[in-house]
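Peer 1: Can you read through this structure? Questions will come right after.
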Amino acid sequence: MRIVIHENYGSMSQWIAHYVAQKIKSYNPTPDNPFVLGLPTGSSPIGTYQELINIHTEGKLSFKNVITFNMDEYVNLPEDHPESYHYFMWHHLFSHIDIPKENVNILNGNAPDLEKECREYEEKIVQAGGIHLFLGGIGPDGHIAFNEPGSSLQSRTRIKTLTYDTILANSRFFDNDVSKVPKKALTVGVGTVMDSDEVIIIVNGYKKARALQKVVEEGVNHMWTVSALQMHERGIIVCDEEATMDLKVGTVKYFKDIEQSSLQLPPL
Ligand code: GLP
C-alpha cells in the first residue's frame with residue numbers, strides 16, 4: 001500500500017485529479033472499451049472533483065467514454081433531496097463535465113426491491129468489465145463507502161444500517177439534527193471495492209487522523225474496513241499533513257522519503 005502525503009488539502013486534491021485524469025487519458029477509452037471509474041461522495045472528494053472539472057474545462061480531459069459507479073446512497077431519501085448522493089454527484093461533478101447520463105450509475109435507495117437493486121448493481125459492474133480505478137473516502141471510524149465497523153471484508157453491494165458515529169458525523173449535512181439523517185443506506189461492499197484494478201483513498205483533516213493510524217499502522221481488521229486495502233495489489237492512500245497527526249514520526253518520514261519523487265503532478 002502506498003501512502004502519498006501532501007502538504008494540504010489543495011495540493012492533495014490537485015494531485016489526485018491529475019492522477020485520475022492521467023489514468024483515463026492513457027487508457028484511451030472508446031465507446032467499446034470505456035474506462036470504468038468508481039466514485040465517492042462526502043466532503044473529502046470535493047476538491048478533487050473541482051480539479052477534474054478544471055482539467056476538463058481546459059480541454060485536457062473528456063468523460064465521454066467513462067462509465068462511473070458510485071459507492072453508496074441513502075435509503076428512502078428522494079433523489080432530488082440536496083443531501084442525496086444523486087444530487088451531490090450531479091451538483092459537484094457530473095453537471096460540469098461531458099459524461100453521458102447513461103454512463104452514470106448510482107444505487108437507487110428508493111427502489112421497490114432493494115435487494116434486487118444491489119444484486120443488479122454488482123451485475124452491472126461485471127457487465128462493464130469491472131472497475132479500473134475506485135476512488136474512496138474514509139469515515140472517522142475507518143469505514144469505506146458505508147461498510148461500517150464489523151462489515152465483512154468480502155462483502156458485496158447490500159443494505160446497511162448506519163452506526164450512530166456515522167449518523168452523527170453526517171448530521172452536519174442535515175441541520176445538525178440526527179433524527180433527519182437516514183438510518184439505512186445501500187453500499188458497495190468492501191469486496192466490491194477490492195475487486196477494482198486500483199483503489200485510491202482520500203484522507204484529509206485531523207478528524208481522520210485516528211482512522212488513518214489504525215488503517216496504516218495496525219493489521220487488517222473488520223473494525224476499520226479501509227484496512228482491507230493492505231491486501232490490495234494497487235492501493236494508494238493520498239492524505240494531507242493534518243491527517244497524519246496520529247502516525248508515528250518514523251512512518252511519516254518513511255513514506256515521505258519513498259514517495260518524494262511522486263509528489264509532482266502526474267503529466268497530462
Ligand atoms: C460517508 C460516505 C463515505 C465517506 C464518509 C466520509 O459515510 N458514505 O463514502 O467516505 O462519509 O465523509 P467525508 O468525506 O465528508 O468526511
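The values are calculated or read from the model by the stated rules, or taken from the named source; none is laboratory data. Only a predicted model underlies this, so the values are computations on that prediction, with no experimental measurement involved. All Cβ positions, even for glycine, are placed from backbone atoms using ideal geometry, and neighbour counts span all protein chains on display.
Peer 1: Condition first: among the aliphatic types (A, V, I, L, M), away from the ligand (no atom under 16 Å from the Cβ) and either farther than 20 Å from ILE202 by Cβ or at pLDDT 95 or above (or both). Can you find one or more residues in segment 82-90 that meet it?
Peer 2: no
Peer 1: Here's a follow-up. Find the residue count for segment 196-222, including only residues that are touching a helix residue (DSSP H, G or I) at 6+ places or on another chain (Cβ under 8 Å) and either hydrophobic (A, V, I, L, M, F, W, C) or not in a helix (DSSP H, G or I) (or both).
Peer 2: 17
Peer 1: Just to check your reading of the model, which residue among GLY205, GLY142 is within 14 Å of the ligand (Cβ to nearest atom), closer than 27 Å to PHE255 by Cβ and buried (at least 19 other Cβ atoms within 10 Å of the Cβ)?
Peer 2: Being within 14 Å of the ligand (Cβ to nearest atom), closer than 27 Å to PHE255 by Cβ and buried (at least 19 other Cβ atoms within 10 Å of the Cβ) holds for just one of GLY205, GLY142, which is GLY142.
Peer 1: Going by the conditions given, is SER196 small (Gly, Ala, Ser), in contact with a His (Cβ under 8 Å, 6 or more places away or on another chain) and in contact (Cβ under 8 Å) with a residue 12 or more places away in the chain?
Peer 2: Criteria met by SER196.
Peer 1: Being buried (at least 16 other Cβ atoms within 10 Å of the Cβ), without any contact (Cβ under 8 Å) to a residue 12 or more places away in the chain and within 18 Å of the chain's Cα centre (by Cα) is true for just one of TYR87, TYR9. Which residue is that?
Peer 2: TYR87
Peer 1: Within segment 1-16, track down each residue that is under 21 Å from HIS232 (Cα atoms) and aliphatic (A, V, I, L, M).
Peer 2: Result: MET1, ILE3, VAL4, ILE5, ILE16.
Peer 1: Do the conditions hold for GLU120, that is, is it more than 13 Å from the ligand (Cβ to nearest atom), part of a helix (DSSP H, G or I), of a type in the set (Asp, Glu) and in contact (Cβ under 8 Å) with a residue 12 or more places away in the chain?
Peer 2: It is false that GLU120 is more than 13 Å from the ligand (Cβ to nearest atom), part of a helix (DSSP H, G or I), of a type in the set (Asp, Glu) and in contact (Cβ under 8 Å) with a residue 12 or more places away in the chain.
Peer 1: Here's a follow-up. From the list SER261, SER227, which one is assigned to a helix (DSSP H, G or I), modelled with pLDDT under 95 and polar (S, T, N, Q)?
Peer 2: Only one candidate passes the filter, namely SER261.
Peer 1: Go through segment 21-50 and report how many residues are under 12 Å from ILE97 (Cβ atoms) and assigned to a helix (DSSP H, G or I).
Peer 2: Summing the residues that are under 12 Å from ILE97 (Cβ atoms) and assigned to a helix (DSSP H, G or I) in segment 21-50 gives 4.
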